[in-house]
Structures are given as structure tokens and as C-alpha cells.
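The next block holds one structure in the form of C-alpha cells; read it before the comments.
Just so it is clear, none of the values below were taken in a lab; they were calculated from the coordinates. Owing to the predicted nature of the structure, the values given are computational and were not obtained by experimental measurement. FYI the Cβ positions are ideal-geometry reconstructions off the backbone, even for glycines, and counts take in every protein chain you see.
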DNA sequence: AATGAATGAGCATTCATTCAT
DNA sequence: CATGAATGAATGCTCATTCAT
């Protein structure tokens, strides 16, 4: 850990490797990715990988971390940019739509990562997810405080929101090209989430 | 020629294998599972596996199919049992809560399956997902017709609902034991989905 | 050995298996032939093979024996049919030409058999070869006695004759269809063997 | 991509492997040889084999090629060394006698190679054989031109000669130690081939 | 006697990791 | 620091053989 601290200019090499690895890990399962492939794609020798990462699993671990951070930053930007709670959530939806198209890799990684509990310390994965939910949670909380949202468990709402949205773009990804996805209009989705399923009269 | 005939009267053995495999594939990644392990867990010889399944991938494929069917049946039962649309959806939520606890394996499988598009014909995977969404979609459609739900795109709503719900139990699974999950009270969740995020006054 | 003596009507089954096996062993290497394949081709169950033959190697052994005998009989017929020594040898050549076309399998078997010294007792293989050479040897010996052939080591001559002839049809087989083989005119070949390479004047 | 580059300066290792493999392939059938055995005999790791050869079949293929080349060179040397046609052929006979004793492996390989048409491109095998026959053919042709040999089809004569000779040493090998082989006196054999079977008076 | 479902030993091949250069 | 040749553990799959029916 403390070993490979930070020769300037070495950080870039490490990042170069991570980026190349991300690209590859995103298209294949962990066990289908060969270290030699990562080395080739990074433009370094196979042995070099082991100067920067203790093992294949460690490399994968760092790729996950990197992806989470990237995602987290995007999310934060969205939430900061929005004028009010609803606007913030809408921006998140838009972001994910784009994210899924440009960074589909991430989707894969997240899905697989969930499976590799022996690779990435569960604790850590938990914290990443938690951080993401927390961010949304705060926004919702604020929305409630401001009277924009009704009173509800903000954590629950955050999960439902993120899950619902994820389902839309996840599906859109998986069956990529097969159909619609454009027909997932943010307005309509937002309306469903915002005012719920019930008829107004029933409220 | 007709090598993989599925010996008559041996269906139980085939199912026995599938069930043992499900158990194992759910705890590890595809490539971490050894056929010898599946054989041992099934109580059959290694060679026997190949009497019933052409290859490891074929076995995995059948496990997925089996899981989808199991899930599909559960879902259908829930939706048939419910008195009205809202009740049906609530039953689905309850079911998933239980499903996630008894059949967590399925969660894993689905996640991985998405990644192994070369293993399970994409087309087929698409159809399974579609069938599930369709089932929920029909219920929501009926709900709209009956004036129970407001007018909205039922397919969109179905995806949001399933995604939101999935996020809840998915999370609950992944961080298993770590916390709450009991704190995901169906009532509260249903309320959020049912009447949305917004304050009533805003409607 | 003495175990499976001879139920009438069982001999045919044994022979049926040997013939089917011959056909298959002739087209593939020993290890590429599956017992199940032999069983299917023989029209018997896999287990049945083991009632008649102790093992795959034993079966192969018997196939070799059968082939040698078939060949030996053909050879004997030729040699008996010929009017004089030269005529007898010519008949052998004709026979082999035909043999090679109809029974190419035998060629394969002989070649492989040489390699499987652990399968067929060397001693036995030696005796088969010896019997064949002896047959030719006797004819040559008689030819010498009758003044038809010059005085020479009949065994040596037999080997040269059989080898030379074998080379012709062996090649013809291996490159089958690729070229000539018809251009191997018995007359011409016989002339070379009969009067040798040298110019007459040199004699 | 260019995976099988044949590392520079590693040609010796490649040859070392080929030689060890030759030794082993000569004593057993292709399918009885384990790659681990070849590795052990070569003094390299199992994985290393695959750095130099794409597969077991590819290795076998190269062993055959190597053997043919070795044989071909020996043959060429004999033919170049002889003073005249007859002398050249005698030298070939001597060579094969020795070859068979020191390189008996080759015999095995050739026999098996004929059987594995799927392993070594038939076309290639054909060319090797052809090259060998051609070499002898040329010598015979020259012998005819020079009036040393009578007028005859040189290709036919070459095949008969090579076949006859092969039969002598082939047999000698197979029943190795069992008897004679010394009794195959070059002079006597040559006499038979040279002046043929017939009595001089008959000419 | 005849069968064929079940078995497990056996083997080719891959790939993460090391270490000599 | 960087490399990539060498390694051997690990695993999917085949097939001769057995044995319960």
C-alpha cells in the first residue's frame, strides 16, 4: 500500500493503466480479461503492471474505485447544478441517460463488482453505494424541508429513485439497439416519480 | 447424433443438477465454478453432467432459464392473488422481499447473466425480461383502466416500479446482514410509489 | 481367452463386430475411435462389446488378426493360381493393386499396428509378417529350383519384392487421387524386378 | 496477434523441444504422448511448449518436418558421395541400415504420420515424399543416361528401390534384435536389385 | 446374454505471477 | 524502473469400462 507512493509522472502511468483496464474490464468478465491484454492496451510490459498493482484483483479493485469516483463526481455535479430538488433529480436522470451511452462500461463493472465480494472488500463497496445514495438522500431531504417534496423517508425515496432510473437505462443498455430507449422521456418518467401512480382524485 | 436426448425418467436428475448448480453459480462467478464442484454438489459423477448438459455454458444457460421461470411463476402468483392493482403491486414487493432472502442466488445470476451475452442468447434474455415487465405492465394497464392509477405509460411505470423495488432488495442483499433491510417497510415504499414525491398541495 | 468359446450364432456377432471395427479403425487412429462408435456401427450395445472382447486393445488385436488372415488368404490364392513363379508374383502385384483400392483400410491398420507394440504382442506380429514373407519365399525358392529365377537368397528377394510392391501401392493410396497410380503398370514393374536395373550388356 | 513469433535466439530451445519430442513420439502413438511428458523430457515447463508451438498437433507437425529434413539431408549426402549410380544407391542402402539403427524413431514417425492426415497437411506430406523419390529418381535417370542402367521408368524404379530397401530395414527394426538383420548383406541385395530375379540365360 | 447410464482418470491448454536481465 | 520468457496450477471435457437391470 504505502509502497507505491507517488513519483510524479508515475501517477499518470498508473492512471493510464487503470483507464485501459476499465475499457477492457467493461467489455468482458473478470476472468476473461488477461493481464497481458491489459498490459498491451496500456502500452506497458506485463511485469510493469505488478509494479503498480499487487495483483489482478487489486487492479480490478482500483478500476472499480476509479469508476465509482467518476460516477460520484458526475452525480455531484448534477445535484449541484439543479435549481431545486426536482430539477436536481431531473438532471441526474439526464446524466444517467448519457452516462449509460458513453460509459456503459460502468454499468458492467457495477454489475460484476456486486458479484465479486471476495475481490472488493464488501465494506468498501457498501460505502461507495452508500455515498451515492446519501448524496441523493440529502437532496431529497432538502426537498422535503423546503416543502417541495412531501414528508417521507428520504433514504427510501433515494433508493427507489435511483433504482427506478437505473432500471430504465440498464434495460436500455442491455437490449441496446433493440428498441425504443429514446421513448423513455425524462418528463414522463419524472412525472410518474413525482406525482406517483395514483389518480389525483384518490389522493 | 441425438446425443443430448434428456433421458426419459431422468428429469429429476437433471433438475437435481440444476438446483445444485444454481446454488453454486449464485455464490461465485461463472469462471470460479468448477464442473467437478457442481458434480460433487449434485451427487453425481463429473461425466454425468455431460450426459445432461452439453457444456458448462449450456448448464449455466439452463440454470438461468430455471431461475427466470421460478421467478416468473412467483410473480404471476402475486399478481393473480392481489385484489386490485395496488394490492397486486404490494404483493410483488412482499414477494421480492422474501425471494431475495430465500433465493438470493437469483439476484446474482441475473446480474451475471447480463454480462454473459455470449452465453445466453441475447434475444432470449431480452424475452425473459420482457415477459416479466409485460406481466407488471398488464396489471398497471388494468389499474389505469379501472381508474385506480392515473393515465401514464404503463411500460415506463412497470420499469420504474420493478427497478425501484429491485434496488431495495438488491441493496438489502448485497450488504446482507449489515443493516436495516427490515426498515424497508412495504407500506412506506408503496406510499412513495403510489402518491409520488411531491407534496399533495402541489398536485 | 478360453472363456468366450463359441455359442453358435455368437461367432457371427463377434465377426460382425470385427468387421465394423475394421471399417472404423481403418479410417482413424486407434485413439480416435470410440467404443461407442464401434458399438453403434456393429448394431450392438456398448456393454456387449465387452462380452466378446476384453478391452479396446483386445478388439483391435483381433481386427489386426482378422486383417492379416484376409490378406494371407488372398496372397495364398494368388500364389496358387499362378502358372509359374513369375506369373505368381505378377498375380500378387495385381492383387495388391486391387487390395489397396478395396481394402485400403488394411494398409492403415498395418502401419498403425507396427506402432502399437504394446497392443499386439510383438511376437505375434512378427509371426504374421513372417508367414507372409515365407509364402512368397517359397514361391521364389521354387522359381530358383526350376531355373526360372537365378540363384539368390529367396528370403531377401521376397522382402525386396514385397517392399517394392508395397511402396507402389502404399504411395498410391496415401496420395490417393492426387495422381498417376494407374501409371504403375504391372508389366513395367515386373520387368524392373525381373531383369533388374542394369543394362543387359553389363551382365 | 503475432503470438507464435519464435523468439529470437531461442531457436536452440525450440530445437531442444523438437528433439525431445521426436524421441517420445517415436516410442508411442500420438495420443499416448502427454504434453507434460514432452515438457519434462525437454527440461522446460509445460507452458513453455505453448510459447513455441501452437498446439500438440503443431508440435507433432514440426517433429515430422524435422525428421523429413534430417532424412532428406542424409539421403542427399549419400547420393552426392557416390561415384556412379550404382554406388550411390549402395550408399543409400548403407545409410538406411544405419539410419534405422540410430534413428529408428523416424520409421515410427513416418508410419504414424501417414495416418494423421488431418495433422499434417496431406499436400505437405505428399511433397516430402515426392522430394525424396525425386532425389533417387534423378540419380537413376542419370544412370540410364550414362548407360549404367537400362532404359526404364526412373520414377517407378525409384519407388521400387526405396520400397524394397525400406522393407528390409523396416522389418529389421520392428523385430529388432529378434534376428538376422546383419544377414541383409548390401552386396547381395544390390545384386538382386541390379540384375533382377531372372536367370541370365533368360535375358 | 444384452444394455446403456454412470463414472472418474487423464490430458490439452490457459494465464496470473515471478524473476533474471 | 521495465520487461517478457518461463512456469505450473487449475479446469473443461472425453471415453474406456463397469454394473444394475
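See the values below:
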read-out	value
Mean-position separation - Cα centroids, region C:38-59 and region B:8-42, in angstrom	33
Spin-label model distance (nm) - residue B:124 vs residue C:76, 7 Å beyond Cα toward Cβ	6.1
Inter-copy label distances at residue D:142 (7 Å, Cα→Cβ; nm, one decimal)	4.3, 9.8, 9.8
Cα-projected label distance for residue D:37 with residue C:142, points at 7 Å along beta-carbon direction, nm	4.6
